[in-house]
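Only one structure is covered here, and it is reproduced in the block below.
The values are calculated or read from the model by the stated rules, or taken from the named source; none is laboratory data. Computed from a prediction, not measured in an experiment: that's the story for all the values here. Cβ: placed from backbone, ideal geometry, glycine included. Neighbour counts: every protein chain shown. Accessible surface is based on the protein model in full, side chains and every heavy atom, while ligands, DNA and RNA are left aside. Shrake-Rupley method; radii C 1.70, N 1.55, O 1.52, S 1.80 Å.
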Amino acid sequence: MPEEGVQLTPKSELLTAQEIITLARLFVKEGVQKIRLTGGEPLIRPDVVDIVGQLYKLEGLKTIAVTTNGINLARLLPRLKEAGLNAINISLDTLVPAKFEFIVRRKGFHKVMEGIHKATELGYRPVKVNCVVMRGFNEDELLGFVDFTKDLPLDVRFIEYMPFDGNKWNFKKMVSYKEMLDTIKQQWPELEKLPCEASSTAKSYKVPHFQGQISFITSMSEHFCGSCNRLRITADGNLKVCLFGNSEVSLRDHLRSGASEEELVQIIGAAVGRKKKQHAEPALMSFPLCQDALQNPPNSKQWGHTFSHWLTSRASLPKQIGKALMKNQLARQLFLPGSHPEQQWHITTGILQTQLRGCCVFRKDPSSTFDTKCLEASPVGQVSVDCQSKEASPRSEFCTRDSGSCIEVPHASDNLTHTDEEGRATMVDVGGKPDSRRSAVAGAVVRLGEKAFGMVRQNQVKKGDVLAVAQIAGIQGAKLTSQLIPLCHNIALNHVEVSLSLDEARYAVVIRSSCQAWGRTGVEMEALTAASLAALTVYDMCKAVTHDIVIEEVKLLSKTGGQRGDFSRV
């Protein structure tokens, strides 16, 4: 439940029970065999039992299911079962009552557990439990959920965290199916895969001798769009052929305007005909692709297919979902222009390994016969190494630790570029430079202290949602950089991303900003301005709680493009 609650749709705009049955009868006549009542929360609708009863009378309908938060389930389930309900999904993201209350913003954990046990008592097999897994929130409960299936006939379905409006989605929060599976197999190496139907959205597994099983909904890392046979009608009567899509057709309006059954079938058929073979695949999905590439470098022939697939995926992003999904700056730099395919792969893995495992900075004296040496290596989050430090020889090489491939980095200029011969401030003339892809990532840390940190985490700061406001301020700051920093060029940014995460060990907000553009000058200042403005906004919103706030580690983390080459700080 969002902290501000939800705005309820006026009752007059919702489908009536009769309209639901009319549409259901039409779909069943056209071959639909399963109907699920979901939400929102379907069990708060007072006529839900009656709707289930009327659905049960439709000839040809084999399955009537419901997806519920479970709070009202124990009370209503006996009547629902009698009316004809024969499948149940219960949403439950945590087995910790305090976490549950934080998510739904109300008490009720014990009611959900009561509903699960009631469903098993009434003979539902299996009772499906839907768990959205989020890094930093509940990925530590994976084993607990698996153990939940030991003595109960449950199917716990681990769902990859997906982007929807308002859920503050960030790819760093997503835990992939393979990562979850690896974690579970460490505890239960005997875990066995179960067969599944071609149209199934889940990959199912079972621990031998456990009553229940587990499944994975891999909608992000391994989409199942090609076999998807689902359609969705919203509570106000809009037909959606894809959960991720923007396009909707109002069946309610056509019903209420007197459309015939034949006309409705034509309208529905046209919408289904526009259903794409895959949903708007986010650029971030290149991230698992890159992780695979670290172990399996493609040959030259493979690159053409991979690159064209990535371009196709990018081109298919709808505007609205695209904004929510463009989270991964690595994916935007997956291919670098002007280099041979194998070189592209080495550069890509170098960038990834810098982000994932740390890097070495190698320096070589051109006149020396000695091999290059790693001056310093460090894992992410520890020692920082400046690839363009003052002591470097005329050219440095950025090298990946595993592959040994290197990227030459020109030495930093000995002269200040923003002053003229007389020492007066001047703007650099970039008119003669070629256009190229530019990107930069910057960071900052705001130490709040225990009290203010706790209030930010619980969203109890009087001024509002600190993280959301700071994120917007950072994005706005990046776009206004040339108005704030006198000698900066006005750059048309292609993309700005600002993310804020909480570091409980330091009672700190950790800020990361990334900017991308196609132009003649870099976007380092835009990324740094975004991080700085976000940090200052955090300070401003928390200063009423305490003035003992420290803003630190404002720094450029990486940049690509430009004559001086790429830079990366571990």
The listed residue being buried (at least 18 other Cβ atoms within 10 Å of the Cβ), at pLDDT 80 or above and hydroxyl-bearing (Ser, Thr, Tyr), out of SER439, SER396, SER482: SER439
Residue in segment 510-521 that is under 21 Å from SER439 (Cα atoms) and in a loop (DSSP other than H, G, I, E, B) present: yes
Every residue from segment 40-57 that is assigned to a loop (DSSP other than H, G, I, E, B), more than 12 Å from LEU85 (Cα to Cα) and out of contact with any strand residue (DSSP E or B) (no Cβ under 7 Å at 6 or more places or on another chain): GLY40, ARG45, PRO46, ASP47
Candidate set: segment 11-57, residues that are among the small types (Gly, Ala, Ser) and open to solvent by 30 Å² or more (accessible area, probe 1.4 Å); chosen: the one farthest from ARG252 (Cα to Cα): GLY31
Of residues in segment 489-547 being among the β-branched types (Val, Ile, Thr) and more than 12 Å from ALA444 (Cβ to Cβ), the one surrounded by the fewest Cβ atoms within 10 Å (Cβ to Cβ): THR546
Subset tally (residues that are surrounded by 15 or more Cβ atoms within 10 Å (Cβ to Cβ), modelled with pLDDT of 90 or more and assigned to a loop (DSSP other than H, G, I, E, B)) for segment 242-272: 1
Residue among LYS128, LYS107 that alone is within 15 Å of ILE217 (Cβ to Cβ) and open to solvent by 30 Å² or more (accessible area, probe 1.4 Å): LYS128
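Given ARG506, ARG512, which one is over 13 Å from PHE453 (Cα atoms) and at pLDDT 90 or above?
ARG512
Just the residues that are modelled with pLDDT of 90 or more, in a strand (DSSP E or B), crowded, with 18+ Cβ neighbours inside 10 Å and not hydroxyl-bearing (Ser, Thr, Tyr), please, taken from segment 200-236.
Residues satisfying the conditions are LYS203, LYS206, GLN213, ILE214, PHE216, ILE217, ILE233.
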Test: residue in segment 58-74 that is part of a helix (DSSP H, G or I), of a type in the set (A, V, I, L, M, F, W, C) and surrounded by fewer than 18 Cβ atoms within 10 Å (Cβ to Cβ): no
The listed residue being at pLDDT 90 or above and either over 15 Å from SER513 (Cβ atoms) or in a loop (DSSP other than H, G, I, E, B) (or both), out of ALA444, ALA452: ALA452
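Yes/no matrix, rows are residues, columns are (1) more than 27 Å from PHE137 (Cβ to Cβ); (2) out of contact with any Cys (no Cβ under 9 Å at 6 or more places or on another chain); (3) free of Cβ contacts under 8 Å to residues at least 40 places away in the same chain:
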| residue | (1), (2), (3) |
| --- | --- |
| ASN490 | yes, yes, yes |
| LEU493 | yes, no, yes |
| ALA530 | no, no, no |
| ILE551 | no, yes, no |
Any hit, segment 186-199, residues being open to solvent by 20 Å² or more (accessible area, probe 1.4 Å) and small (Gly, Ala, Ser): yes
The one condition in (1) part of a loop (DSSP other than H, G, I, E, B); (2) at negative phi; (3) open to solvent by less than 20 Å² (accessible area, probe 1.4 Å) that ALA470 fails to fulfil: (1)
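Results for (1) free of Cβ contacts under 8 Å to residues at least 60 places away in the same chain; (2) not β-branched (Val, Ile, Thr), shown as yes or no for each residue.
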| residue | (1), (2) |
| --- | --- |
| ILE472 | yes, no |
| VAL538 | no, no |
| ASP548 | no, yes |
| SER558 | no, yes |
| GLY562 | no, yes |
Which numbered condition ARG25 fails, given (1) assigned to a helix (DSSP H, G or I); (2) of a type in the set (D, E, K, R); (3) under 21 Å from VAL129 (Cα atoms): (3)
